[in-house]
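The values are calculated or read from the model by the stated rules, or taken from the named source; none is laboratory data. Just so it is clear, the structure is predicted and the values come from calculations on it, not from any experiment. Every residue, glycine among them, receives a Cβ derived from its backbone with ideal geometry; neighbour counts consider all protein chains shown.
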Amino acid sequence: MKLWGGRFETGPSEIFERFSGSLAFDRRLIAADIRGSQAFARALEQASILTPAERAQIVEALHQIQEEAAEPEFFEDAADEDVHTLVIRKLKEHALSLIHI
């Protein structure tokens, strides 16, 4: 998952990709990133942006992601720019798995 790109006609150069990507070394921060994301969900509930049910669903999904991250294959083939982008992508995947179309 890439954080930017929108109006650009071509993708970033390989040199830029290597320079800006940090997943290889910041993946050890995944537990802290997940705790921060859970705290943010609680803050959004306090601000009446999320309902208690929505907050609970997000916090639980993030907890599941943390459990999945304990497995070595969790990071295999991840092309995300950084650990937070990986967590958000996984959170979206969890949300999509809840939708029954």
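Points worth noting:
- Filtering region 46-96 to residues that are of a type in the set (D, E, K, R) and in a loop (DSSP other than H, G, I, E, B) leaves 71, 76, 77, 80, 81, 82.
- Applying the set (1) over 16 Å from residue 92 (Cα atoms); (2) without any contact (Cβ under 8 Å) to a residue 40 or more places away in the chain; (3) surrounded by 15 or more Cβ atoms within 10 Å (Cβ to Cβ) to residue 27 leaves exactly one unmet item: (2).
- Region 73-101, subset of a type in the set (Gly, Ala, Ser) and under 14 Å from the mean Cα position of the chain (by Cα), residue surrounded by the most Cβ atoms within 10 Å (Cβ to Cβ): 78
- Of the criteria (1) modelled with pLDDT of 95 or more; (2) over 13 Å from the mean Cα position of the chain (by Cα); (3) among the aliphatic types (A, V, I, L, M), which one residue 70 fails: (1)
- Failed condition for residue 45, given (1) touching a Leu at 6+ places or on another chain (Cβ under 9 Å); (2) buried (at least 17 other Cβ atoms within 10 Å of the Cβ): (1)
- Within region 37-67, the set of residues being over 12 Å from the mean Cα position of the chain (by Cα) and under 18 Å from residue 25 (Cα atoms) is empty.
- Check on residue 42, part of a helix (DSSP H, G or I), at pLDDT 95 or above and basic (Lys, Arg): yes
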